[in-house]
Each structure stands twice: as structure tokens, then as C-alpha cells.
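Working notes for the structure below.
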Amino acid sequence: MILMRNDGLKLKHLNKFLLFGSFLIPFSVYIWTLAPTVSFGGDCGDFITGSALMALVHPSGYPLHLLLSKLLTIIVPFGDISFRVNLLSALFGAASCTLAYCIVTDLTGAYFAGFITAMSLGFSYVFWSQAVIAEVYTGSVFFTLLPVLLLIKLQKTGDKRYLYGLWSAIGLSVCHHLSTLMSAPAILIALLAFPRRLRFKWVDLLIASVFFLLPSVQYAYIPLRAKRATIHRYWHDGYRFPDPAKSFEGFKFYVTGQMYRTKMMSIPMRRLPERFFYWVKVGMAQLWLIFSLVPAGFVALAFISPSVLIASIGGLLAQLLFYLGYDVPDIVYFYLPSWAICAYVGGVGAGCIWETVRQLGARNKSVNILLLAFTAILISTTLSQAVIAYPLASMRGNTLAKDMAEDILANLPKGSKLLIMSDDLLFAIWVVQRVENKRMDVELFSYPNDERWADEMAWKYVRKFIGKGLVYVTFVSPSSRKWFLHPRGWVAMLSEKPPLRVLGKGSPPLNALIDAPCARLIELKLHRERIHPEMFVAFTCHWYVLDPSQVKEARVLWLLRMKDTDIAYPPVKDAGGNKRPFWVAEAHELIPHNVLVSVGDVVTVDYCLPAEIDILPGKYELLAAVVHKQELEGLKLSDGKELKKRFWSRLKVVGECEILIR
């Protein structure tokens, strides 16, 4: 049955039905796929801990998000604290779908197209993935769409309340995520473009500015809660960042996110076209047909509402101009507001096409076949999009982050000092420690990605505890290589003693994973088969020594490679045009130096291979070959072509693991 536009009672019921459906359908799916606890994939643990303890999170503070999350932890009577904070993303996500529906239907009157737009946005992979974890991005989309809808209502009615509501919404959005302010100039220009009969007096605009400023009182949260422990790492002596509670300069530095200023507009101009191409490519992969109708939507808006056209183009350009030059690995999430603008603009295009074909069909029945075909295409592409996105976005039953955090803490002796490079992992451990009050005796240190800061930020505090066996790391870095790494699951103890044990004499093995002239690899055991980027793959090897004199000159070439990939190929590029490696190679001493072994000894040695922050997730296999150290001279282990040319025939698969980001 084809839905037809009319002014009767059935139309009103249909509108209400689809309006409620545009919220309830995505919200129900989000609840079904919601993360049950803290998760990886962003700053989830940071927001959960900040909400639970009413503490600060990373800049720019997000006071509205924290206050709403705290409210949910109080009023929701089921689930743990993390689950309740996750709910806020689901609410914002479903509400954003409803806003997209309202925008399209208010502009075109095509309820069916509005509903398809809402479903297309709601079940796009990136948006869906952020609607089921404790993140701010669905809220950013909500506050991107809400002013547009209020602008449409204001233009239709001329009611001043919509003007005040519009600027209140923009003021609230600034308290949620500072980037949403980028749409404000376009909204202001759109207001000035209103017909003369709808233009407001200066006193109305003055009152509206008061409504815009009122929500900013929420930023008092930042100096009031700055002493909470969650965020202390940003202004302790190592970083030397100003304290937002002690000076206006510190407050401004924190709220405007100045600690990230080196990332802003840091992409060279020559790379911007490439970044834009990936933005289009991933946007098309997210929204399918709706995204392809964006040009038609902009043309339609020029006739339907020039003010909305100005607001849409201005908001889209502001988002793109800033974020195409923003150099962060998770840039795809920052693109969501711009894709949401494209969603409703494409929805307007779909609605106008649908209505045009319907009206032609009223005059010529044969044209109804085209309407049926267009309807079928819209439905089928949206359903296909949701089916494909489901396994990628769903977090149902996913407890990896919490399991990993609890396992790490369980493997540490009392009074340990734990150095962590991955924010994902650090935040998950915060939740276990500070929200659930477990293993508070373990002291955490956030290790900087920049090795130049390492000594001042971390080692000077913990170096004296290394001899006591109390310093552990979750990563491998040049600085940590100054000591030996003794892995225990997902962590490794730093020690001045090599990670080796001579078990005694053994019989020559009949079967070996690797058979070299100097030694045979009898067994390899991975400590954990699932890891997260910015951690390491740890494994213990049992070697049977054949020739001690050659062992000293031998090196084990380890290659961690995504399955079914060719290391000679260049790194894959992500949505931001950033190179993402899918393999890593290192050469280690077979037997750590200064350790004496003899013929027939069975020796266990521990090894750790790093997984960089930008490594692609997926199934990996561990390959190894025993080589002479002279064979590695002049070879860059990052050169996949040369590595493959020299050693591929000698590398043997000795284990498998998985690298997960969620």
C-alpha cells in the first residue's frame, strides 16, 4: 500500500504513528544492543567515572552530559552504573532520529521519506556504534539537529517562543560539546534571511541572547569539581597545564581544549582533498541512498526554505572546515554531525522526489509503478544498511573492557605501580577502581604517547620500585625496553633480570614449531589471545638448545600479521586518510644476553610484541623465523617488501590472536 499525503484524520494518525516509531524503533534496538558495562571505543570509562563521582573528564568538560548522566545513575533502577550512563547515548540517538523525521516532514510533508531518513540515520554504523556506549557524539548530533527544527518552526509560525527555544538549544549544545557552536553563525545568518514580516525586534534578539547565555552557568561545574581525582593527570607537575579551579586562564585553557591545539588545523592543505574524499566515501557507506540524494535536497531547499538552506550549508561547511583539518585517529566520530546534516538534506531530496512522483501518479496511473519502485528501493536499502551494521555496531553482552580491567588488577601484587598508555584501558580500570571501589591499592600512571615526556611523566616516579617487582606496564615502548619485560597476562613486570628460566636437560624433540641449527622451538603459548591497541602480544616459548655458540648470534624474527594480508602492500587508509598498519615485525635475541646455556637445555623465554595505537583490528597470526644477526644488518623491519623478499619462505605460523577495538 502506498502512503499518500492528504489532510484527513488518517494522515494525522499516520504522522503520530511514524513520529513515535521514529523514536521507539531505534531506541528499542539501541537498548537491545547496548553495552552492559564499560566498553572500549572512545572515552567511555572517562565519562562513566566522571558521572559517577561528579568529577571532571577530559577537556572541554562536557558539563551537561555529565549532569544528565549522573541523573540517570540516580533515577534508573536497574543495571550497573556503567549501563545507566550508556543509556544517555541511546536516548540522544533515538531523539536525533525523531528530529530528523520532523525536519524532513515539516519541510516536505512526506512522512514516509521522513521515517526512512530517521531509520537511515539511526542504523548507520558509526552513529549506531556511538548510541550504545557512554559517549557524547549522539548528543552532538541531537544538538546539531534541534536548532534546525526550531528554525523551521520559527519560520512557519513567527512565534517568539521558538526564537527563545532556538537560542536556548544552542546554549545547551555548547555545554554538551563545544564544537556544536560552529553551527551558530549559520543559524544567525539564516535568521537575518527571514522575510521582512518575520524579522524580530532588537529587544527580542536581546532576550534570545539571555536564553543563549543562561545554560552557560553549568560551566561552574568545572572549577567546583576540579579537585576530583579522575582528571588530576592533566595539570599535575609533569604536564604543567594550568588548574581550571585556580585561575581564569586555567579555566579557559581547559574549556577551549587548548591541550589539543596541536591537533587542530594540523593536516596539510594538500591532504584536505583526500580527507574530503574519504568523508564522502564513508558517508555514502553509512547512509547509502539518502546520502546520494544530498544534491537533490539542497536544490529542493533553495525553493522550500532558503533560510534552512543557509543554515544547512553553513553548518556543514563549518563542520568540514574544522574537522577535515583535525588530526586525531578517531576522526570518524567527529564527522557524525556533518553526516546528520547530510541525512536530513538527503531526506528532503527523497521526500520531494517521492511527492513529485506521487502527484504525477495521481494523473497517470502507470507512473505509480515508479513510485512503488522508489519506495521499494528506499525500504530495501535502509533494511540492508541496518542488517550490515548490526554485527559491527552491537555491544550486546560485550564485557571485554571490564573483563580486561579486572584481570589486569587481579594479576598485580599489592601496592603495584601500573603504567598505561591506552586511554581506553586506563578509563576502564578507573571504572573498576573508582566506581566499583576495587584494588585501590594499585597506583595508576598515564604514560604519554610522546617518549620525550616519558622520563618526567612516569619513570622518575616509579623507577625506585622496579627492583621490588612492583612496576608493571601494559605496553611496549623504547623507554620500557631499558628493562626486561616479564609478562603476566595483559601486563608485564619490569625487571633487571631476563625473562628466562632453564628447566634442565631434555630429549631432542621429534616435532618442533621451528627447527633451526642452533635451537628448536618446542612450544609457544600466548598469554592472552585477545588484545587491544596500545598494548602488546605476550607469549612464552620453550626452546631446546642444540648449539650454545650459535645461540648467542641468533635472533628470532617475529611477525604479527593480519590474516590473509600481504606485508608488501602499503598500510590501509582510514576515514581520515591516516595510514593504518596491519602488521608489525621485531627481532629479539633468542636467549637474552649474558645467560649461559648448554647443549640439551630446555629454556623458557618470554617475549612481548607491541600493538600500536593505529593498528587495524582483526584476526592476526604470529609468524617466526630464527636468523643470524648479520642477516638483519641494513634491513628496516618496517619495510614489508624487503622483509618479505628476504625471509618470507622461512617464516612459520606459530600462533594466532585477535586485536579488538570494541
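When only residues in segment 250-295 that are basic (Lys, Arg) and part of a helix (DSSP H, G or I) count, which is surrounded by the fewest Cβ atoms within 10 Å (Cβ to Cβ)?
Arg270
Let me spell it out: the conditions are (1) under 22 Å from the mean Cα position of the chain (by Cα); (2) more than 30 Å from Gly79 (Cβ to Cβ), and Leu400 meets all of them except one. Which number is the exception?
Result: Leu400 fails condition (2) only.
Take segment 29-51 and flag every residue that is hydroxyl-bearing (Ser, Thr, Tyr), under 20 Å from Glu436 (Cα atoms), assigned to a loop (DSSP other than H, G, I, E, B) and more than 14 Å from the chain's Cα centre (by Cα).
Correct list: Thr37 only.
Which of (1) out of contact with any Pro (no Cβ under 7 Å at 6 or more places or on another chain); (2) closer than 27 Å to Val141 by Cβ; (3) in a helix (DSSP H, G or I); (4) at pLDDT 90 or above is the odd one out, the single condition Gly314 does not satisfy?
(1)
Results for (1) in a helix (DSSP H, G or I); (2) at pLDDT 95 or above; (3) of a type in the set (Asp, Glu); (4) within 27 Å of Phe200 (Cβ to Cβ), shown as yes or no for each residue.
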| position | (1), (2), (3), (4) |
| --- | --- |
| Val57 | no, no, no, no |
| Phe78 | no, no, no, no |
| Phe92 | yes, yes, no, no |
| Ala95 | yes, yes, no, no |
| Val104 | yes, yes, no, yes |
| Leu107 | yes, yes, no, yes |
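I'm trying to understand the selection: among the residues of segment 329-348, which are buried (at least 22 other Cβ atoms within 10 Å of the Cβ), assigned to a helix (DSSP H, G or I) and either touching a Cys at 6+ places or on another chain (Cβ under 8 Å) or among the aromatic types (Phe, Trp, Tyr) (or both)?
The answer is Trp339, Tyr344.
State whether the residues of segment 137-156 include one that is modelled with pLDDT under 95 and on the phi > 0 side of the Ramachandran plot.
No: zero hits.
Take the residues in segment 370-380 that are in contact (Cβ under 8 Å) with a residue 40 or more places away in the chain and surrounded by fewer than 24 Cβ atoms within 10 Å (Cβ to Cβ), then tell me which one is nearest to the chain's Cα centre (by Cα). First the steps, then the outcome.
Residues of segment 370-380 in contact (Cβ under 8 Å) with a residue 40 or more places away in the chain: 371-372, 375, 377-379.
Within this subset, residues satisfying the condition of being surrounded by fewer than 24 Cβ atoms within 10 Å (Cβ to Cβ) are 371-372, 375, 377, 379.
Numbers: Leu371: 39, Leu372: 39, Thr375: 34, Ile377: 31, Ile379: 29 Å.
The extreme case among them is Ile379.
Which one is farthest from Leu371 (Cα to Cα), of the residues in segment 109-126 that are aliphatic (A, V, I, L, M) and in a helix (DSSP H, G or I)?
Val126
Looking at (1) closer than 23 Å to Ser422 by Cα; (2) loosely packed, with under 15 Cβ neighbours inside 10 Å; (3) in contact with a Phe, Trp or Tyr (Cβ under 7 Å, 6 or more places away or on another chain), can you tell me which one Cys608 breaks?
Exception for Cys608: condition (2).
Take the residues of segment 398-416 that are of a type in the set (D, E, K, R) and out of contact with any Ser or Thr (no Cβ under 8 Å at 6 or more places or on another chain): which is surrounded by the fewest Cβ atoms within 10 Å (Cβ to Cβ)?
The qualifying residue surrounded by the fewest Cβ atoms within 10 Å (Cβ to Cβ) is Lys414.
One line per residue, one yes/no per condition, for (1) in contact (Cβ under 8 Å) with a residue 24 or more places away in the chain; (2) surrounded by 14 or more Cβ atoms within 10 Å (Cβ to Cβ); (3) not in a helix (DSSP H, G or I):
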| site | (1), (2), (3) |
| --- | --- |
| Glu355 | yes, yes, no |
| Leu360 | no, yes, no |
| Asn368 | yes, yes, no |
| Gln385 | yes, yes, no |
| Ile388 | yes, yes, no |
| Arg396 | yes, no, yes |
| Leu418 | yes, yes, yes |
| Phe427 | yes, yes, no |
| Lys438 | yes, yes, yes |
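Is it true that some residue in segment 191-214 is part of a helix (DSSP H, G or I), touching a residue at least 24 places away in the same chain (Cβ under 8 Å) and either in contact with a Cys (Cβ under 7 Å, 6 or more places away or on another chain) or crowded, with 23+ Cβ neighbours inside 10 Å (or both)?
No, every residue in segment 191-214 fails to be part of a helix (DSSP H, G or I), touching a residue at least 24 places away in the same chain (Cβ under 8 Å) and either in contact with a Cys (Cβ under 7 Å, 6 or more places away or on another chain) or crowded, with 23+ Cβ neighbours inside 10 Å (or both).
The values are calculated or read from the model by the stated rules, or taken from the named source; none is laboratory data. Please read these numbers as outputs of a predicted model, since none were measured by experiment. Quick reminder, even Gly has a Cβ in these numbers, built from the backbone with ideal geometry, and neighbours come from all protein chains shown.
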